[in-house]
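Novice: Have a look at this one.
The values are calculated or read from the model by the stated rules, or taken from the named source; none is laboratory data. Just so you know, these numbers come straight off a predicted model, no measurement behind them. Cβ atoms come from the backbone with ideal geometry, glycine included; neighbour counts cover every protein chain shown. For the accessible areas, the whole protein counts, side chains as well, though only heavy atoms, and no ligand, DNA or RNA atoms are used. Shrake-Rupley method; radii C 1.70, N 1.55, O 1.52, S 1.80 Å.
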Amino acid sequence: MVDPHRLRVFRAVVQTGSINRAASRLGYTPSAVSQHVSALQRETGLTLIEKRGRGIVPTASGIAVADRASRVLEQLADFDAMADDLRSGRSGTLHVGSFMSANRAWMPSVVAALVEQFPTLRLELSLAELRGSQSTGDLDVELYIAEAVRGDRDPAVAEGDTDGYDIEELRTEGYVAVVPSRHPLAHRSSVALSELAGEAWIDNDHARGPCREIVLTACRELGFAPPFRIQAPDYTSALDYVAQAVGITVLPRLGALALPDGVAMLAIEDAAARRRIMLRVKRSMRTHPAVARTAELLRAAAA
């Protein structure tokens, strides 16, 4: 493989027309320049210069090599600039995964801050409720709901993450019940799940993810299963149905964003109705400026 540094030296020789002048431009000794040119001729198997009188001139091959060297060196300079941009977080692609309610409540402000600070950075955002979902691919930063709600720690944290990620818990979040504003419970600030056993429930998680399972498990331990009347595809739709007084819905507090008119929100009192929001950052990328800034913004949003 040809040494790019020797291409740079040879180009200077052709441009200046002299070993001595090339050495003066580059800050080398004439002997060092001659050695680089000789080494380049050996690497290429070409005669690049020939003597003429007391000086030297490039051969036809030498002129062609010098011309191509200029283009190669320009491309290397572009590559160096790109690598510098990637190191500084100014360009490249950042892959971020989050779950539905965090994507709606937190990600818009996080993305706005990232776009302002890293204007040439490309952001690829994906949705997934569980850690490491196959649909999310290889993520640099991911928000997810811990699969284990009971106990002190998420298994991935307790056992040490084996997938090359650093994991931390951002916050533990409670659930709320959203009821029609004329519902008998609407004046209350909180309610126990057992008080909702006889209500018409509106399902709000078409994906049947961990957030829904937390509610079902808490209800099952109280001896009832939510009597779902309507299966809505997402939180927003479920809230709209509540506003029409066709039932009540239970969802994480973060999902009850921008409530429609005609509803009231009550905190769920049961300790079992809690979800743990986790952040994981790819260990090999944790010092990357854009990745570090994303993690910082998500911690601030969760706080």
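Residue by residue, here is whether (1) touching a residue at least 40 places away in the same chain (Cβ under 8 Å); (2) in a loop (DSSP other than H, G, I, E, B) holds:
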{"residue": "S31", "(1), (2)": "no, no"}
{"residue": "S34", "(1), (2)": "no, no"}
{"residue": "L46", "(1), (2)": "no, yes"}
{"residue": "I63", "(1), (2)": "yes, no"}
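Novice: Those residues that are within 16 Å of A177 (Cα to Cα), open to solvent by 10 Å² or more (accessible area, probe 1.4 Å) and in a helix (DSSP H, G or I), I need them from region 218-239; list them, please.
Specialist: Y235, T236, S237 - these are the residues of region 218-239 that are within 16 Å of A177 (Cα to Cα), open to solvent by 10 Å² or more (accessible area, probe 1.4 Å) and in a helix (DSSP H, G or I).
Novice: OK, next. Quick check on region 190-217: of everything there that is in a loop (DSSP other than H, G, I, E, B) and among the aliphatic types (A, V, I, L, M), which residue is farthest from A146 (Cα to Cα)? Spell out the reasoning first.
Specialist: Just the residues of region 190-217 that are in a loop (DSSP other than H, G, I, E, B), to begin with: 192, 197-200, 204-209.
This time we only want the ones that are among the aliphatic types (A, V, I, L, M), so: 192, 197, 200, 207.
Working: A192: 23, A197: 26, A200: 28, A207: 16 Å.
Taking the candidates together, the pick is A200.
Novice: Report, by residue number, each residue of region 18-70 that is of a type in the set (V, I, T), open to solvent by 70 Å² or more (accessible area, probe 1.4 Å) and under 13 Å from R6 (Cβ atoms). Before the answer, list the steps.
Specialist: Start the filter on region 18-70 by keeping residues that are of a type in the set (V, I, T), which leaves 19, 29, 33, 37, 44, 47, 49, 56-57, 59, 63, 65.
Then keep just the ones that are open to solvent by 70 Å² or more (accessible area, probe 1.4 Å); that gives 29, 47, 63.
None - no residue of region 18-70 is of a type in the set (V, I, T), open to solvent by 70 Å² or more (accessible area, probe 1.4 Å) and under 13 Å from R6 (Cβ atoms), so the list stays empty.
Novice: Also: List pairs: first in region 66-86 and assigned to a helix (DSSP H, G or I), second modelled with pLDDT under 80 and open to solvent by 60 Å² or more (accessible area, probe 1.4 Å), Cβ under 9 Å, 6+ apart or cross-chain?
Specialist: Hits for this filter: D84/R90.
Novice: Let me ask something additional. Just wondering, is there one or more residues in region 242-257 that are open to solvent by 50 Å² or more (accessible area, probe 1.4 Å) and at positive phi?
Specialist: Yes; the residues of region 242-257 include at least one that is open to solvent by 50 Å² or more (accessible area, probe 1.4 Å) and at positive phi.
Novice: Can you name the residue in region 287-296 that is modelled with pLDDT of 90 or more and open to solvent by 30 Å² or more (accessible area, probe 1.4 Å) and is also farthest from G92 (Cα to Cα) among such residues?
Specialist: In this case the residue turns out to be E296.
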